[in-house]
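The structure appears below as structure tokens.
A short reminder: the numbers here are calculations on the coordinates, not readings from a lab. This one's a predicted model, so the numbers in the text were calculated from it and none came from an experiment. Backbone-built Cβ (ideal geometry, glycine too); neighbour counts: all protein chains shown.
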Amino acid sequence: MTPADLSRCVVRAVRCAVADGELAAGAAAPERVVVERTRPGGVGDYATPVAFQVAKAARCAPRDVADVLARRLGAEPGIERVEVTGAGFLNFVLPAPSAPAVITDAIIRDIAVRDVRGGAAHVVPADESGLGLRERVVRRSVLRLLCVQGGATEPVPVSVAPVAKRDGDVVARYGADAACWAMLAVPARETPSFSDALLHQGEANEFFRVRYAHARSRALVRNADQLGFRPEPGEVDDAPALLRLLADHPLVLEAAAHHRAPERLVRNLVELADALLDFQYRVLPQGDEKPSAAHRARLALAEAAGTVLAGGLALLGMDAPERL
């Protein structure tokens, strides 16, 4: 079970509990359930507050709803453990993510992102008159996130702090993509900050690192082709951080759309880029080493990570160059 599957599994558990009379008939399941990584010090790998959403209609305490759902979900294949904490939070432990599964999901999500980009006219407000620069940038990104989740394609209300007057024409100074990155890197209600670091092509610039990591993934595929092998999905046992981040990416997209928070995607892309840049040195054969199934599997994982980075940048309204 992937983290994205877990969200659908929770929705199904609520519906089945209502159908079987364990929860009141009026306790309709939400169409989507937000499942997120537990915070440091939390219990398990993932958590959801779904019991609080259902409790009022179920006419019982959130903790009681959570107990009902925990019993059901604990029997689901692919869930190692379910625990109820606090007033009714459901916490889950899942098996370690599988490389072939996250690669397949990356391909599926890339198709969805391409569909959104292809229909860009449908996710840009027809009338942006009166909106400030940052409000346009944030609204467009939120609309793309909602659209890739199958949600709204009309303007959505987002409270946005403008670019400070002291920063002047940030697009002219930093370029459109770098300026957008800075505008989306902090919550919409906070004033964004700009510095000359946005212009530097080095590790201190998070925007550069994300685009560079994508370019490195493409370079790895090109270099492997010169060595006579291509990516082939398989299990990878030396990239736990990269696998975890790729497995979590669908949940990040869902949470970013649900909370109207593109900055969540920004943070995820930075973490993913850093994990890929660390992993890149183990992808290609070294010295006289011959390409093996392990190299093909690592290459497929690196390619998938690059695909996710490109898709994430596209949802933020930015390009992902093949070379840097």
For ASP5, ASP115, order by how many other beta-carbon atoms lie within 10 Å, fewest first: ASP115, ASP5
Likely footprinting exposure, ILE103, ILE108, fewest C-beta neighbours within 10 Å first: ILE108, ILE103
Ranking of SER7, SER193, SER141 by count of other Cβ atoms within 10 Å, fewest first: SER193, SER7, SER141
Most fluctuating residue given options ALA215, ALA51, ALA24, as computed from a GNM of the chain linking Cα atoms under 10 Å: ALA24
Projected label distance in nm at ARG71 and ARG230, using a 7 Å step from Cα toward the beta-carbon: 5.2
Value of D in µm² per second that Stokes-Einstein yields for the range 204-324, Kirkwood Rh from Cα pairs, at 4 °C (1.567 mPa s): 89
Computed [θ] at 222 nm, deg cm²/dmol, the chain (DSSP H ≥ 4; -39,500 (n - 2.57); rounded to nearest 500): -17000 deg cm²/dmol
Most mobile listed residue (VAL18, VAL137, VAL148) in the chain, GNM with C-alpha springs under 10 Å: VAL18
Whole-Å distance, taken between Cα centres, linking the range 253-286 and the range 52-106: 25
Relative contact order %, the chain, counting alpha carbon pairs below 8 Å whose residues are six or more apart: 19
Most fluctuating residue given options GLU22, GLU235, GLU271, as computed from a GNM of the chain linking Cα atoms under 10 Å: GLU22
Identified option (computed Rg and Dmax of the Cα atoms in Å; candidates (1) 19.2, 58; (2) 21.4, 68; (3) 17.9, 63): (2)
Sum of side-chain charges, LEU277 neighbourhood, beta-carbon under 9 Å (Lys, Arg +1; Asp, Glu -1): -1
For ALA215, net neighbour charge (Lys/Arg +1, Asp/Glu -1) across residues whose Cβ lies under 12 Å away: +4
Among 176-184, 204-212, 161-169, 217-225, the order from most to least packed when residues are scored by Cβ within 10 Å on average: 176-184, 204-212, 217-225, 161-169
Relative contact order %, the range 3-93, counting alpha carbon pairs below 8 Å whose residues are six or more apart: 28
At least 15 Å along the helix axis (C-alpha) and Kyte average at least -0.5, DSSP helices within the chain: 3-19, 62-73, 99-118, 133-148, 240-258, 262-279, 293-315
Positive minus negative residues near ARG189 (Lys, Arg vs Asp, Glu; Cβ under 15 Å): +1
Placed amide H near ARG81: partners under 5 Å, 5+ positions off or other chain: VAL93
Residue-wise HN-Hα coupling along the range 283-290, computed from phi with Karplus coefficients 6.51, -1.76, 1.60 (Hz; x: Gly, Pro): 7, 8, x, 10, x, 8, 5, 8
